[in-house]
Amino acid sequence: MTNTNYFLYARKSTDVEDKQVRSIEDQLAVLRVLARQEGLTIVEEFVEKQSAKMPDRPVFNEMMEQIEKGEAQGIVCWKLDRLARNPIDAARVQWFLQQSVILHIKTNDRTTMLY
């Protein structure tokens with residue numbers, strides 16, 4: 001993806017059920033290596049320590065606002081559930097993909113491109 005800037009997003013919930021997810025430091029380390037191997041340009045890193053079950057996460061919202069302004073066109077994150085575990089945030093990500101505001105989401109185990 002030439003000329004595509006990426007935000008790196010790492011999130012770990014404080015919920016008990018989320019205890020199996022890698023630590024934020026581990027996510028960042030793996031995702032930085034992945035981005036470097038894939039030749040992705042990371043322009044900013046966002047770290048959030050909050051559950052994604054409810055909308056209105058401040059760090060996620062800030063990242064999405066910056067994406068909407070065109071500051072990045074892609075996201076690198078551990079897994080898609082790090083971005084959204086509620087229908088409002090999931091719909092926002094999907095809408096941005098459909099509108100080509102987000103061109104690419106790269107996770108540790110998959111790639112999601114615009115529709």
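Numbers for the structure displayed
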item: Residues of the range 55-80 classified as assigned to a loop (DSSP other than H, G, I, E, B) and over 15 Å from T111 (Cα atoms), total; result: 7
item: Where a residue in the range 63-84 is over 14 Å from I24 (Cα atoms) and its partner, wherever it lies, is of a type in the set (D, E, K, R) and in a loop (DSSP other than H, G, I, E, B), with Cβ under 8 Å and at least six apart; result: L80/R110
item: Scan of the range 20-54 for residues that are surrounded by 15 or more Cβ atoms within 10 Å (Cβ to Cβ), at pLDDT below 95 and not in a helix (DSSP H, G or I), ordered by number; result: V21, R22, Q50, S51, A52
item: Selection from the range 88-115 of residues that are of a type outside the set (K, R), within 20 Å of S23 (Cα to Cα) and outside any strand (DSSP E or B); result: N108, D109
item: Of the criteria (1) open to solvent by 70 Å² or more (accessible area, probe 1.4 Å); (2) in a loop (DSSP other than H, G, I, E, B); (3) of a type outside the set (F, W, Y); (4) closer than 12 Å to L8 by Cβ, which one R85 fails; result: (4)
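The values are calculated or read from the model by the stated rules, or taken from the named source; none is laboratory data. Source: prediction; values computed, not measured. Here the Cβ is made from the backbone with ideal geometry for all residues, glycine too, and neighbour counts use every protein chain on show. Side chains included, ligands, DNA and RNA excluded: accessible areas come from the protein's heavy atoms. Shrake-Rupley method; radii C 1.70, N 1.55, O 1.52, S 1.80 Å.
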